[in-house]
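These notes are about the structure you will find just below.
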Number of protein chains: 2
Amino acid sequence: MHRWSQLFIPTLREAPADAEVASHKLLLRAGYVRQLGAGIYSYLFLGNRSVNKIVAIVRQEMDRIGQEFLLPALNPREIWEASGRWDVMGDNMFRLKDRKGAELCLAMTHEEIVTDIARKELRSYKQLPQIWYQIQTKFRDEPRPKSGLLRVRQFIMKDAYSFDIDEAGLDVSYNKHDAAYRKIFTRCGLKFVSVDADSGAMGGSASQEFMVYTEAGEDLIASSASGYAANLEKAISRPSVVEDLAPTGDGTPELVHTPGFRTIDEVSAFLQTQPQHQIKTMAFTAIMGADSKVGAERPVVVFLRGDHTVNEAKLLAVSGAAELRPMTPEEIETTFKAPAGYLGPIGVEAAPHPKKPGTLVILDAALADRKNLIAGANKAEYHLRNVTPGRDFKPTVTIDVRNVLEGEGCPIDGSPLRLGKAVEIGHIFKLGFRYTKSMGASVLNRDGKETTPIMGSYGIGIERILTAAIETSAAEMGGDAYALPAAIAPFEVVVTITNVGDAALLAAGEKVAAELDAAGFDVLLDDRDERAGVKFKDADLVGIPYRINIGRGVAEGKVEFVNRLTAANKDIALDQTVATIREALTA
Amino acid sequence: MHRWSQLFIPTLREAPADAEVASHKLLLRAGYVRQLGAGIYSYLFLGNRSVNKIVAIVRQEMDRIGQEFLLPALNPREIWEASGRWDVMGDNMFRLKDRKGAELCLAMTHEEIVTDIARKELRSYKQLPQIWYQIQTKFRDEPRPKSGLLRVRQFIMKDAYSFDIDEAGLDVSYNKHDAAYRKIFTRCGLKFVSVDADSGAMGGSASQEFMVYTEAGEDLIASSASGYAANLEKAISRPSVVEDLAPTGDGTPELVHTPGFRTIDEVSAFLQTQPQHQIKTMAFTAIMGADSKVGAERPVVVFLRGDHTVNEAKLLAVSGAAELRPMTPEEIETTFKAPAGYLGPIGVEAAPHPKKPGTLVILDAALADRKNLIAGANKAEYHLRNVTPGRDFKPTVTIDVRNVLEGEGCPIDGSPLRLGKAVEIGHIFKLGFRYTKSMGASVLNRDGKETTPIMGSYGIGIERILTAAIETSAAEMGGDAYALPAAIAPFEVVVTITNVGDAALLAAGEKVAAELDAAGFDVLLDDRDERAGVKFKDADLVGIPYRINIGRGVAEGKVEFVNRLTAANKDIALDQTVATIREALTA
C-alpha cells in the first residue's frame, strides 16, 4: 500500500500553454512526466509506474512466444554499413563519435544487430525458428517532436525479430505475434483495429499496423465492424448506390448551356440534379521517374463521381509517377483545348495503355457501370447530358482512385465504415530476406544446402499504449478528465479519506486500504491533510479508475464507491470494498 | 518451464583469445552475452534473464525506501552547464548534436536531472524527504574498455538521489540506502564488504563503497571480520608487535661499519637482526601546488619500519603535495650531504612544522614508540645502532603513511586483515549541497526561510553484481567453472534427461520438471537429443546452481541431485525432487 502523503505527485491546475493534445496536457497535469528538452521526458513516479505495468504485460505475453534479449543502444557504424542503412536513416538517426573518433549511432531499431548475431551463431535449420525480443530504449531525431509522449526523441519499444527457414515458418511466427499483440492490447484495455499496411501486391497480409482511433493521431484510417481496417491511402469501399438519371432527347450526349456554372455544386443546383449524377474532372501533370517510357512528364486526367474526392496515394500508384501536380487553367487549355471548369471526358484522347505515351485517362471504378451522367463539354459555358462511360468514351484504365467516405459499406460485408485519425501502437511486418541476404546470414537446410533464413520484425510502442489509453478516455470524458484501464493505471484504486482530522474517518480509511492491499489490489491511500475537494480533483487527475471515498457515511457503516470508467457512483457497506473492487475489475 | 531444445543458448567450447578475466570468458562461453563493439555487449536470453532477476531484487528493495522514476539518457547540454559538469566530464561523456545542431550528451549519471526537477517542483520542507531512484542505461566513453562486462561503455545502473531538509535527514536517507544495499547484495548471494571511501576528515562516514573481493577487480582493499574495510589508500592497522633490540654500549647512537650493505635485507643479514629493527629511509621531492607557502618544491623524507612500505596516497595527503618524485642518488647527496643507501634520521634538519619551509621529515606512526633501531648514519658505509626516535631526532610530524599488511590487526578489534583486489558493486555518497546550491534548488523550512536541500547520491552497477558473482564462484571452483547463486541464476534448477531416446527417462524428466515448475521453481528442462556428457558440460557452463540428472536410476525410482554450490551429489528418490530443491534453496 502506498500513502499519497509520502509520494511525489506534483499535480498541476493547468497545463503549460504549449501542450496541445489531451494526453500531453494530462500527463503533465497529473505529474506523470516532466519535459527535459524537445521530445525528451522524465517519467516521474506515476508515469514510470504505468510504464512498468505495461512492460510487465508485454513481457508476459512475449515470453509465451519468444526469448527476451537486451541489445545495445550504442551501435558501431560498421554494422549499419553492412545492411546499407547507415545512409538511409539520414537525419533521423542520432550519430556520434567516441573519444577515438570512431563513429557510432543510437539505434532506432535492431534488425542489424539481431541479424549479426544470427549470421554468427545460427548454422542449421534445427536451430530455427527463433523469436528474439527486447524491451529497450530507442532514439530517433524527430524533425518536429511534439504532442507530449506521442512523438518523442527517446522512447521505449518492445521490438522483436523472427528467423525462420521458410515462408510457412514465417507465417507461424507472424501469426504468433499477431495473436500476442491482440492479447497485449486487450489486456491493456485498448480498443484497437489492425490495419493492412501493405499494398497487398505481395499477396496476403505482409504487414499490419495496430491502431487506436484518436484525434491526436497522425494517421487516417477506415474500419468497420467486420474487422476490415485500412489506412485511408489504401482503404476501399462499396460506394453508395445511385439511381442513374433518365436519358434526355435521343439518349446520346447532348449539349446544355451552363453559363458561369463551373463547380459540381453550381452545376447540380442549376440543372437540379445531385453531385453523384455528375462526372468530376481532375487534371494533373505527372512527373515521371528517370526510367519512364512515357516521357519526363505526362498529362493525367481522372474522372470521378461528383461527390467523390481523389486519393493521391492511389493515384500516384496507378500513374507510376514520382510526383503529381494539379494543372493550372492555362495548362488545361493548352493541353486539352478546353477551358478549365468545362473539361470533360468526350474528346480527350486517352493513351491506349498506361505504359504508352499520351494522356493517362483514369476512370474511377465507382463510375464503371453508370450512365446518363453530366460532364464538362470541353467547350466554354457548356456541359453534356447523357454521358455514359464505355459507350461515349474509353479511359486508359478503370480503377479505384478515390477516398472512401464515412458510412460507406466496407468491402468485406458492407458494414458501415468509420473514418478517423488514429495512432499506431504496434506493427508486425514480414521482412523477408532484406537483412539476412545483405548481411550474409545462412543456415543449412534439411538437405544440407545453404539457405537464407527469412525474417519478421515486430514492434510495440510502450508509451504509445499509455497515451492512446489517455486520449481515448479523455475523448469519452470530455477532454479534461480521463481514467486509465485498471491494468495500466499507476494504482487500481485510491482510498480517499475526506478529512484526516476526523479520527473515525482516518481509522476507517486505513482499515479499508489495508484490506484492499491484503486482497492483492494495488491501492493508494490518500492520507493527505487536504480538503476533500482537492483530493477528489487530484484523484481524478491521476487517472485511477476506482475510488473509495471515506466520508461521513462511515458513521452508518457506508463508504462511497466511484467507478470513473462507468461514471457510476454508489454507497456500499464498509465491509464490501474488497468485493466491490473485485467485481469492478472483473466486469 | 523452459525447454532447452527451444532456446537459443549458444555455448562455446573455448572463449575468444582476447577474453581475459573469468567472468568475461564464462559469459561468452555460456552464451550469456556477445560483443558488438569495444565495451558494447548484447545480452542474449540467459544473460538478460540474470539481469532481469537482479533488477527485480533491486527494484523490490528500493521500492521499500523510495520512488521509481525513469529519466532520459539523452540530455541537453544546458542542464550540464547549469551544474558546471559539461566541461568536467571531459572525454568520458559521449556528446552529440541533433539535426538542428543542438548539443546533447548521453547521461553518465543524473544528479543534474533530479536537481532540475527538485528546483522546479519542491517548495516546502513538507515535501521532504524525497528518495527518487531509477534503473536505467548509462553511457560512459571508457578510455580502455575491457574485461567483458566489468568495464563497458553502456551498462545498467540503479541510481538513486535523496533530498532532505538537513543533515539529520540526510543521515536517515543515507542509512536507508546502506541497509537496502546490504539486503540487495545479500539476496543476490554476494559476499561483500563496505569500504569507507572517504578520508574521514569530514567526521563520519560520508561515502561508502560496496566491494567484492576478486582478482578481476581494479581496487585494492583491506578488510577484517570486525566489519572494518577500507581502500588500501586509506586502510590503517595495528602493526605487528616487535620486541626492541637491547641497547649496545652506552645505549646512545653508535656507528657500525656496513661496507657495501645498503638495503634493509643486506643490513639485516649482516647485523643478524630483522628488518623490523631497522629504519627504512625514503626521500622524495614534493612538487607543491601553486598556492604553496613552502616553495615550489620541498624535500620530503619518510622514516618507516624496515619491513613496511610507504603508501603514496597517504604521503600525498600528509605532504600536501601535488606530486611526489623519488629523489635520485645525486639529489640525495646534494640535499642531505649523505650518500644514497646510508641516509638516516640523525642530522637531517626537519622543518619545524609542515607548513614551514625546509625538509618535511615524516616518522611513520609504527615507529613512534620504538627504540634501539638501526638506521643509516648519513656517512658512506656506516649505519647507526641504538637510534631512538624522539630522543635522537625530532621529525616534523609523526603520522601513519604506510601500507597495511595482510594479517595485521584491524584498527577496530585487531582481527586479521584480508588484503586483495576487489570490484565495486555499489556506492553511497553524501553529496551535500554541491548540486542544489549550484543549480539553485531551495525550499521553505519550518520557519518560512529559503533553505537549500541537502542531497545524497547512491548507485548500484547491475551487471557488476552478475560479474562479481561469477568471478567469486569461478575463483572458488578453479576458474573454468562457476555456479551462480540461485536468486540471480537464469534458472534455479536444470533437469537433465541423459537420454531422450529412452521413453522412461523422457517421461520421468518431463514429470520431474513439471513438478518443480508447479512448485514455483524456475526450471529448465534439458530435453535436447544430445549425449549426456555434452548436456552435463552445458549445464555446468551456464551456471545453474542445482541439477537433477534423470538417468538409469529411474528404473529404481532414483535420480541424481547435483548441488554445484556445495559440490555435493547424491541420489534421491524420484518423488523427493521438490523437497530437495526447496531444502537447497533455503539452506
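The values are calculated or read from the model by the stated rules, or taken from the named source; none is laboratory data. Everything quoted here is computed from the prediction, not taken from an experiment. Reconstructed Cβ throughout: ideal geometry from the backbone, glycine too, with neighbour counts over all protein chains shown. These accessible areas exclude ligands, DNA and RNA; they are computed on the full protein's heavy atoms, side chains included. Shrake-Rupley method; radii C 1.70, N 1.55, O 1.52, S 1.80 Å.
Restricting to the stretch B:550-567, what's the tally of residues that are within 38 Å of the chain's Cα centre (by Cα) and open to solvent by less than 50 Å² (accessible area, probe 1.4 Å)? Break it down into steps so the answer makes sense when it comes.
As a first pass, look at the stretch B:550-567 and keep what is within 38 Å of the chain's Cα centre (by Cα): B:561-567.
If we keep only those that are open to solvent by less than 50 Å² (accessible area, probe 1.4 Å) as well, we get B:561-564.
Final tally of qualifying residues: 4.
In contact (Cβ under 8 Å) with a residue 12 or more places away in the chain, crowded, with 17+ Cβ neighbours inside 10 Å, farther than 22 Å from A:HIS257 by Cβ and in contact with a Leu (Cβ under 6 Å, 6 or more places away or on another chain), is that true of A:ARG305? Working first, answer last.
Details: in contact (Cβ under 8 Å) with a residue 12 or more places away in the chain: yes; crowded, with 17+ Cβ neighbours inside 10 Å: yes; farther than 22 Å from A:HIS257 by Cβ: yes; in contact with a Leu (Cβ under 6 Å, 6 or more places away or on another chain): yes.
So A:ARG305 fits the description; yes.
How do the helices (runs of 4 or more DSSP H) wholly within the stretch B:430-526 filter down when requiring 1 or more residues that are among the aliphatic types (A, V, I, L, M), open to solvent by less than 60 Å² (accessible area, probe 1.4 Å) and modelled with pLDDT of 95 or more: which remain?
Working: elements: B:434-438, B:462-477, B:503-518.
Ranges flagged: B:462-477, B:503-518.
Residues are listed down the side, and each one gets a yes or a no for (1) out of contact with any Phe, Trp or Tyr (no Cβ under 6 Å at 6 or more places or on another chain); (2) modelled with pLDDT of 95 or more:
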site	(1), (2)
B:TRP80	no, yes
B:GLY90	yes, no
B:ARG95	yes, yes
B:ALA102	yes, yes
B:ILE113	yes, yes
B:ASP116	yes, yes
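Residues B:ALA19, B:ALA15, B:ALA56, B:ALA102: which one is hydrophobic (A, V, I, L, M, F, W, C) and in contact (Cβ under 8 Å) with a residue 60 or more places away in the chain? Outline the logic, then answer.
Working: B:ALA15 fails: in contact (Cβ under 8 Å) with a residue 60 or more places away in the chain; B:ALA56 fails: in contact (Cβ under 8 Å) with a residue 60 or more places away in the chain; B:ALA102 fails: in contact (Cβ under 8 Å) with a residue 60 or more places away in the chain.
On inspection, the qualifying residue turns out to be B:ALA19.
Filter the stretch B:49-67 for residues that are among the aliphatic types (A, V, I, L, M) and part of a helix (DSSP H, G or I) and give the result. Steps first, answer last, please.
Step one: of the stretch B:49-67, the residues among the aliphatic types (A, V, I, L, M) are B:51, B:54-58, B:62, B:65.
Correct list: B:VAL51, B:ILE54, B:VAL55, B:ALA56, B:ILE57, B:VAL58, B:MET62.
If you check B:ARG402, B:ARG385, B:ARG391, which single one turns out to be at pLDDT 95 or above and under 36 Å from the mean Cα position of the chain (by Cα)? Before the answer, list the steps.
Working: B:ARG385 fails: under 36 Å from the mean Cα position of the chain (by Cα); B:ARG391 fails: under 36 Å from the mean Cα position of the chain (by Cα).
Criteria check complete, one pass: B:ARG402.
Would you check if A:ARG123 is touching a Gly at 6+ places or on another chain (Cβ under 9 Å), open to solvent by 60 Å² or more (accessible area, probe 1.4 Å) and either farther than 22 Å from A:THR137 by Cα or in the same structural domain as A:TYR458 (by TED's automatic domain parsing) (or both)?
On the way: touching a Gly at 6+ places or on another chain (Cβ under 9 Å): no; open to solvent by 60 Å² or more (accessible area, probe 1.4 Å): yes; either farther than 22 Å from A:THR137 by Cα or in the same structural domain as A:TYR458 (by TED's automatic domain parsing) (or both): yes.
No: the conditions fail for A:ARG123.
Condition first: loosely packed, with under 14 Cβ neighbours inside 10 Å and within 15 Å of B:GLU510 (Cα to Cα). Now tell me which residues in the stretch B:568-587 satisfy that.
Hit for the stretch B:568-587 is B:ASP575, nothing else.
Output the residue which, of all residues in the stretch A:56-71 that are open to solvent by 20 Å² or more (accessible area, probe 1.4 Å), out of contact with any Ser or Thr (no Cβ under 9 Å at 6 or more places or on another chain) and within 12 Å of chain B (Cβ to nearest Cβ), is farthest from A:GLY31 (Cα to Cα). Walk me through how you get there before you give the answer.
Residues of the stretch A:56-71 that are open to solvent by 20 Å² or more (accessible area, probe 1.4 Å), as a first pass: A:56, A:59-60, A:63-65, A:70.
Narrowing the set further to residues that are out of contact with any Ser or Thr (no Cβ under 9 Å at 6 or more places or on another chain) leaves A:56, A:59-60, A:63-64.
Those left that are additionally within 12 Å of chain B (Cβ to nearest Cβ): A:56, A:59, A:63-64.
Working: A:ALA56: 22, A:ARG59: 26, A:ASP63: 32, A:ARG64: 34 Å.
Going through the qualifying residues, I end up with A:ARG64.
Please work out if A:PRO329 is assigned by TED's automatic domain parsing to the domain that holds A:ASP369 and surrounded by 13 or more Cβ atoms within 10 Å (Cβ to Cβ). So that I can check it myself, show each step before the final result.
On the way: assigned by TED's automatic domain parsing to the domain that holds A:ASP369: yes; surrounded by 13 or more Cβ atoms within 10 Å (Cβ to Cβ): no.
For A:PRO329, the condition - assigned by TED's automatic domain parsing to the domain that holds A:ASP369 and surrounded by 13 or more Cβ atoms within 10 Å (Cβ to Cβ) - is not met.
Residues in the stretch A:407-416: is at least one in contact with a strand residue (DSSP E or B) (Cβ under 8 Å, 6 or more places away or on another chain), open to solvent by 60 Å² or more (accessible area, probe 1.4 Å) and either of a type in the set (A, V, I, L, M, F, W, C) or more than 20 Å from A:ARG305 (Cα to Cα) (or both)?
Step one: list which residues in the stretch A:407-416 are in contact with a strand residue (DSSP E or B) (Cβ under 8 Å, 6 or more places away or on another chain), which gives A:407-411, A:414-416.
Applying the additional criterion that residues be open to solvent by 60 Å² or more (accessible area, probe 1.4 Å) yields A:416.
Subset that is either of a type in the set (A, V, I, L, M, F, W, C) or more than 20 Å from A:ARG305 (Cα to Cα) (or both): none.
Scanning the stretch A:407-416 turns up no residue that is in contact with a strand residue (DSSP E or B) (Cβ under 8 Å, 6 or more places away or on another chain), open to solvent by 60 Å² or more (accessible area, probe 1.4 Å) and either of a type in the set (A, V, I, L, M, F, W, C) or more than 20 Å from A:ARG305 (Cα to Cα) (or both).
Looking only at the stretch B:127-155, filter to residues that are closer than 23 Å to B:ARG64 by Cβ and not hydrophobic (A, V, I, L, M, F, W, C); which one of those is farthest from the chain's Cα centre (by Cα)? Don't jump to the end; show me each part of the working.
Of the stretch B:127-155, the ones closer than 23 Å to B:ARG64 by Cβ are B:127-136.
From the residues that got through so far, the ones that are not hydrophobic (A, V, I, L, M, F, W, C) too are B:127, B:129-130, B:133-134, B:136.
Numbers: B:GLN127: 35, B:PRO129: 29, B:GLN130: 28, B:TYR133: 22, B:GLN134: 22, B:GLN136: 21 Å.
The residue in question is B:GLN127.
From the list A:ARG29, A:ARG34, pick out the single residue that is over 29 Å from B:VAL152 (Cα atoms) and touching a Phe, Trp or Tyr at 6+ places or on another chain (Cβ under 8 Å). Working first, answer last.
Details: A:ARG29 fails: touching a Phe, Trp or Tyr at 6+ places or on another chain (Cβ under 8 Å).
The match here is A:ARG34.
Count, please, the residues in the stretch B:5-16 that happen to be more than 12 Å from chain A (Cβ to nearest Cβ) and either open to solvent by less than 50 Å² (accessible area, probe 1.4 Å) or at pLDDT 95 or above (or both).
Of the residues in that region, 1 qualify.
Okay, residues lined up against (1) in the same structural domain as B:ALA375 (by TED's automatic domain parsing); (2) more than 20 Å from B:ARG325 (Cα to Cα); (3) surrounded by 13 or more Cβ atoms within 10 Å (Cβ to Cβ):
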site	(1), (2), (3)
B:PHE270	yes, yes, yes
B:LYS280	yes, no, yes
B:ALA283	yes, no, yes
B:ALA290	yes, no, no
B:LYS293	yes, no, no
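Go through the stretch B:42-93 and give me each residue that's assigned by TED's automatic domain parsing to the domain that holds B:GLY461, over 23 Å from the mean Cα position of the chain (by Cα) and of a type in the set (Lys, Arg).
The answer is B:ARG49, B:ARG64.
Under 30 Å from B:VAL493 (Cβ atoms), at the interface with chain A (Cβ under 8 Å from one of its Cβ atoms) and not aliphatic (A, V, I, L, M): does that describe B:ARG49? Can you show your working first?
Values: under 30 Å from B:VAL493 (Cβ atoms): yes; at the interface with chain A (Cβ under 8 Å from one of its Cβ atoms): yes; not aliphatic (A, V, I, L, M): yes.
Here the answer is yes, as B:ARG49 does meet what is asked.
Among the residues of the stretch A:393-405, are any closer than 30 Å to A:PRO247 by Cβ, assigned to a strand (DSSP E or B) and either in contact with a Pro (Cβ under 7 Å, 6 or more places away or on another chain) or of a type in the set (Asp, Glu) (or both)?
yes
Do you know which of the residues in the stretch A:132-159 that are polar (S, T, N, Q) and open to solvent by 10 Å² or more (accessible area, probe 1.4 Å) is farthest from the other protein chains (Cβ to nearest Cβ)?
So in the stretch A:132-159, the residues polar (S, T, N, Q) come out as A:134, A:136-137, A:147, A:154.
Filter once more, keeping what is open to solvent by 10 Å² or more (accessible area, probe 1.4 Å): A:136-137, A:147, A:154.
On the way: A:GLN136: 8, A:THR137: 6, A:SER147: 17, A:GLN154: 5 Å.
The residue in question is A:SER147.
Would you point out the residue of the stretch A:17-44, among those that are open to solvent by 10 Å² or more (accessible area, probe 1.4 Å) and farther than 24 Å from A:PHE139 by Cβ, that is nearest to the other protein chains (Cβ to nearest Cβ)?
Selected residue: A:ARG29.
Within the stretch B:72-131, how many residues turn out to be β-branched (Val, Ile, Thr), closer than 18 Å to B:SER442 by Cα and either at the interface with chain A (Cβ under 8 Å from one of its Cβ atoms) or in a loop (DSSP other than H, G, I, E, B) (or both)? Walk me through how you get there before you give the answer.
Keep residues of the stretch B:72-131 that are β-branched (Val, Ile, Thr), which gives B:79, B:88, B:109, B:113-115, B:117, B:131.
Now narrow it down to the ones that are closer than 18 Å to B:SER442 by Cα: B:79, B:113-115, B:117, B:131.
Applying the additional criterion that residues be either at the interface with chain A (Cβ under 8 Å from one of its Cβ atoms) or in a loop (DSSP other than H, G, I, E, B) (or both) yields B:79, B:113, B:117.
Final tally of qualifying residues: 3.
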